[in-house]
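Trainee: So that we are looking at the same thing, I have put the structure below in structure tokens.
Bear in mind that the values in this text are calculations on the coordinates, not laboratory data. Bear in mind the structure is a predicted one, so any value in this text is a computation, not a measurement. Reconstructed Cβ throughout: ideal geometry from the backbone, glycine too, with neighbour counts over all protein chains shown.
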Amino acid sequence: MQKRWVVKPKNDVLKTNKMRDELGISPTIAALLLHRNIDTFESAKTFFRPSLDMLHDPFLMCDMDKAISRIERAIGNKEKILIYGDYDVDGTTAVSVVYSFFRDFHSGLEFYIPDRYLEGYGISTKGIDYAHENGFSLIIALDCGIKAIDKVNYAKSKGIDFIIGDHHLPGPTIPDAVAVLDPKRVDCPYPYKELSGCGIGFKIIQAFIQKNGMDIQLAYQYLDLVAVSIASDIVPITGENRILTHFGLRKLNSNPNCGLQALINLSSNKTGQFSVNDIVFQIGPRINAAGRIEHAKDAVKLLISKSLPEAKDYSETVDDQNNLRKDFDLKITEEALAIIGKDEILQARKSTVLFKEDWHKGVIGIVASRLTEKYYRPTIILTQTNGHIAGSARSVIGFDLYEALSECSELLEQYGGHKYAAGLTMRLENVPAFQEKFELVVSNSIKPEMLQQEVLIEAELELKEIDAKFHRLLKQFEPFGPQNEAPILLTKRVYGTGYIVGNNHIKITVRQEGSAAFECIGFGLAEHISHINTGHAFDICYTIEENTWRGKKNLQLNIKAIRY
């Protein structure tokens, strides 16, 4: 599929020149800063030189004082505390951070992760009953609970208090817990709203340390786990998240948590420093696989391990689960592609909704993402589980999936999520009607340009502008991620030669008159190789990266698209 090339509007010339002159940088670097709303010397200094001293006071968060007082009382009275979290990477890292910190000076501590298939997302009645039967009087819920009004009331009837630490958008009513920590509360003055669930857990221990005059390094030892949560949960890497990720990556690459070190050891093909991308594709999926295939408590046991030998055993279990997850993922993706491939009606649609009763529920979200990438249209994958139909949905840029599901709500039992990802359940007999209704809703509301993947280009430049200083400054834009993406740059009329690698990738060398030659990689771009080798000019859009091969580093352009 041809991608749509969209170049960001140029910045105000006076602002660009001002940044260029004040900082002694190229106009392109100045433009990239302005695209990130960095328009003063001071904001640039903060961006290029993040510091842990820039982290906000945790007591600015609504209810933090109540949460810390309740935890102190529980510790003082030797009450049993249950650390409760969701089964994904963000939830398991959050539980691991808070549990690991408090276990060093409080013995009455356990953790609880709900079973993905038996209990579902969030706080469960079964979890509360477990707490009651085992004498827990305080539950600290992380990465979930902001809408658990009935569950919190049920816990109160059992004599159990709740502290909720969540980062999802609240409903109109806040649960009646001892403390509800969520920067997205309308009444919460906390300056940064985009913390991960694990980030909220970190703020709890930061607040406890601050109030009790302890060494802040006790909190900083968990920054690698916080960085893993931020990268894996796809939250913005801006503001406080950028600081936490910057220093979390530094710890991950120098002195990681035992469990993370064990996972790194399994990534034997990795050379050089781990980045946000490496977390997303190598560490995160292994942690997630535990909850998808067996039970996410295996991931927590890995991440709270106190020694590398102990962590190694758990990492091998998690890695086996991830291999099984990949098998399910590959098999179901192939089956789904085959269904579409032999049905011209499905191929012509503007949405994809597929159902097969024996598809593994733990991987249907991954399969939905793969099909969205392949056909670039709103996609829902459905399977049968526990007597009902469960689905996972993914969208394309600009199309509001949640709103589309709302228009089909009469056919659904439950649905929830956000603009680009959602989950849903329905009755078996409603599947055919839902497939037709969803297609009708999408067809009537999606704009044609939304069905073509776009490449958002930040700036145009000549290859000769890419020198050591340019790359050094660009490196300081890291860590890259949502709302601070690796800049995609455009260079017109380059010449090159190259060859196909693997099944569908290319390795080429490009140059312009007066520029050095640049090595390039282009994933999935093999169709262009014959034109490239004709000697005619072509345009490229790309990111600049550092490639490490056999211990040697060199600059490499990662080509995202080519046009003639």
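Trainee: Going Cα to Cα from residue 342, which lysines come in below 23 Å? Please leave out same-chain ones fewer than 8 positions away.
Mentor: Qualifying lysines at Cα under 23 Å: 331, 350, 356, 374, 437.
Trainee: Which of 19, 426, 214 comes first, and how do the rest follow, when ranked by fewest Cβ neighbours within 10 Å?
Mentor: 214, 426, 19
Trainee: Right, something else. Let me know the Kirkwood hydrodynamic radius for the stretch 343-451, please, with Cα pairs as the basis and the value in Å to one decimal.
Mentor: Radius from the Kirkwood sum: 13.6 Å.
Trainee: Using alpha-carbon pairs under 8 Å, 6+ residues apart, how would you state the relative contact order of the stretch 92-193 in percent?
Mentor: Values: 138 pairs, mean separation 19.7, N = 102.
After rounding, I find 19 percent.
Trainee: Of 6, 304, 444, which is farthest towards the positive pole of the chain's charge dipole, taken about the Cα centre with +1 and -1 on the beta-carbons of Lys, Arg and Asp, Glu respectively?
Mentor: 6
Trainee: Could you grab the relative contact order for the stretch 58-318? Cα pairs under 8 Å, six or more apart, rounded to a whole percent.
Mentor: Details: 497 pairs, mean separation 54.5, N = 261.
21 percent.
Trainee: Step through the table entries 80/297; 10/464; 15/184; 66/147, compare each Cα-Cα distance with 23 Å, and write down the pairs that go over it.
Mentor: Working: 80/297 19 Å; 10/464 21 Å; 15/184 33 Å; 66/147 19 Å.
Listed pairs above 23 Å: 15/184.
Trainee: May I pose another question? What FRET efficiency do you get for residue 500 and residue 469 if R0 is 51 Å and r is their Cβ-Cβ distance, rounded to the nearest 0.05?
Mentor: On the way: r = 34 Å, r/R0 = 0.67.
Approximately 0.90, to the nearest 0.05.
Trainee: Additional query: Can you put 443, 124 in order of Cβ neighbours within 10 angstrom, beginning with the fewest?
Mentor: Values: 443 11, 124 19.
Lowest to highest Cβ neighbour count: 443, 124.
Trainee: Does anything in the stretch 537-564 have its amide N under 20 Å from the 7 Å Cα→Cβ label point of residue 519, and if so which residues?
Mentor: The answer is 541-561, whose backbone nitrogens lie closer than 20 Å to the label point.
Trainee: First measure r as the distance between the Cβ atoms of residue 552 and residue 530, then evaluate 1/(1 + (r/R0)^6) with R0 = 25 Å and state the FRET efficiency to the nearest 0.05.
Mentor: Numbers: r = 30 Å, r/R0 = 1.22.
After rounding to 0.05, the efficiency reads 0.25.
Trainee: Would you mind computing Rg(Cα) / (2.2 N^0.38 Å) for the stretch 464-514, counting N as its residues?
Mentor: Numbers: Rg = 14.4 Å, N = 51, 2.2 N^0.38 = 9.8 Å.
That ratio works out to 1.47.
Trainee: Restricting to bridges with both residues inside the chain, how much of the DSSP beta-bridge set is antiparallel, in percent to the nearest 5?
Mentor: Numbers: 45 of 76 bridges.
Close to 60 percent.
Trainee: Oh, and also: Please work out the C-alpha center-to-center distance from the stretch 496-564 to the stretch 361-395 and express it in whole Å.
Mentor: Taking the Cα centre of each part, the stretch 496-564 and the stretch 361-395 sit 34 Å apart.
Trainee: Answer with one residue from 525, 75, 216: the one whose Cα lies farthest towards the positive end of the charge dipole of the chain, charges on Cβ with Lys, Arg +1 and Asp, Glu -1.
Mentor: Most positive-ward Cα: 525.
Trainee: Okay, next question. With +1 on each Lys and Arg Cβ and -1 on each Asp and Glu Cβ, how big is the dipole of the chain about its Cα centre, in debye rounded to the nearest 20? Intermediate values should be presented prior to the final figure.
Mentor: On the way: 66 positive and 72 negative charges, 249 e Å.
For this selection, approximately 1200 debye.
Trainee: With charges set only on the Cβ (+1 for Lys and Arg, -1 for Asp and Glu), what does the dipole of the stretch 295-399 come to about its Cα centre, in debye to the nearest 20? Before the final figure, lay out each step's value.
Mentor: Values: 16 positive and 15 negative charges, 93 e Å.
Roughly 440 debye, rounded to the nearest 20.
Trainee: What cysteines in the chain have no other cysteine with a beta carbon less than 4.7 Å from their beta carbon?
Mentor: Cysteines of the chain left without a disulfide-compatible partner: 144, 198, 258, 408, 520, 541.
Trainee: A further question follows. Whole-Hz Karplus ³J(HN,Hα) for the stretch 161-167, in order, using 6.51 cos²θ - 1.76 cosθ + 1.60 and θ = phi - 60°, x for Gly and Pro?
Mentor: My calculation for the stretch 161-167 gives 8, 10, 10, 9, x, 10, 10 Hz in order.
Trainee: Classify the chain as rounded, prolate or oblate from the Cα gyration tensor: take a ≥ b ≥ c as the square roots of its eigenvalues, call it rounded if a/c is under 1.5, otherwise prolate when a/b beats b/c and oblate if not. Please list the in-between numbers first.
Mentor: Working: a/c = 1.78, a/b = 1.28, b/c = 1.39.
Oblate shape, in that a/c is at least 1.5 and b/c is the bigger or equal ratio.
Trainee: Something else: At each listed q (0.14, 0.20 Å⁻¹), what is the log10 of I(q)/I(0) that the Debye formula gives for the stretch 95-212 modelled as equal alpha-carbon point scatterers?
Mentor: -0.59, -1.21
Trainee: Give the order of 456, 14, 195 when sorted by the count of other beta carbons within 10 angstrom, beginning with the fewest. Before the final figure, lay out each step's value.
Mentor: Numbers: 456 15, 14 8, 195 31.
Taking fewest neighbouring Cβ atoms as first place, the list is 14, 456, 195.
Trainee: Over the stretch 176-250, what is the relative contact order in whole percent, taking alpha-carbon pairs under 8 Å and six or more residues apart? Before the final figure, lay out each step's value.
Mentor: Details: 69 pairs, mean separation 22.3, N = 75.
Answer for the stretch 176-250 is 30 percent.
Trainee: Further question on the same structure: Of all the Cα-Cα pairs you can form in the stretch 58-318, what percent are over 23 Å apart? Kindly include the intermediate steps, with their values, before the conclusion.
Mentor: Details: 15826 of 33930 pairs.
Percentage above 23 Å: 47.
Trainee: Suppose we keep just the alpha-carbon trace of the stretch 187-248; what are its Rg and Dmax in angstrom?
Mentor: 11.5, 33
Trainee: Then there's this: How far is it, in nm, from the label point at residue 110 to the one at residue 153 when both lie 7 Å from their Cα along the line to the Cβ?
Mentor: Each label point is offset 7 Å from its Cα along the Cβ direction, giving 2.7 nm.
Trainee: Starting from the exponent 0.38 and prefactor 2.2 Å, build the expected Rg for the stretch 233-384 from its residue count and divide its actual Cα Rg by it.
Mentor: Details: Rg = 18.2 Å, N = 152, 2.2 N^0.38 = 14.8 Å.
Taking N as the residue count of the stretch 233-384, the ratio is 1.22.
Trainee: Can I ask one more? Under the 0.36 nm per residue contour assumption, what length would be gained going from the current alpha-carbon distance of residue 216 and residue 410 to full extension? Spell out each step's value before the answer.
Mentor: Working: separation 194, 0.36 × 194 = 69.84 nm, distance 5.19 nm.
The span from residue 216 to residue 410 would gain 64.7 nm if fully extended.
Trainee: If packing is taken as the mean number of other Cβ atoms within 10 Å per residue, what is the order of 225-238, 339-352, highest first?
Mentor: Working: 225-238: 25.7, 339-352: 14.1.
Result, highest mean Cβ count within 10 Å first: 225-238, 339-352.
Trainee: Charges only on Cβ, +1 for Lys and Arg, -1 for Asp and Glu: so what's the dipole of the stretch 343-451 about the Cα centre, in debye to the nearest 20? Don't skip to the end; give the middle numbers.
Mentor: Numbers: 12 positive and 14 negative charges, 70 e Å.
About 340 debye.
Trainee: In Å, the Kirkwood hydrodynamic radius of the stretch 471-564 over pairs of distinct alpha carbons?
Mentor: About 14.0 Å, per the Kirkwood formula over Cα pairs.
Trainee: Note down the net charge around residue 345, summing +1 for each Lys or Arg and -1 for each Asp or Glu among other residues with Cβ under 13 Å from its Cβ. Walk me through the intermediate numbers first.
Mentor: On the way: positive: 342, 349, 350; negative: 343, 344, 436, 439.
Its environment carries a net charge of -1.
Trainee: Now for a different question. Out of 173, 27, 121, whose Cα points farthest toward the positive end of the dipole of the chain (charges: +1 Lys, Arg; -1 Asp, Glu; placed on Cβ)?
Mentor: Of the listed residues, the answer is 27.
Trainee: To continue, here is another question. Using mean Cβ contacts within 10 Å as the protection proxy, how do 47-53, 93-99 order, highest first?
Mentor: Per-residue Cβ counts within 10 Å, averaged per peptide and sorted highest first, yield 93-99, 47-53.
Trainee: Summing -39500 (n - 2.57) over the DSSP H runs of n ≥ 4 in the chain and dividing by its residue number, what mean residue ellipticity at 222 nm do you reach, to the nearest 500 deg cm²/dmol? Numbers along the way, then the final one.
Mentor: Working: 21 runs with 226 residues, N = 564.
Value at 222 nm, helices only: -12000 deg cm²/dmol.
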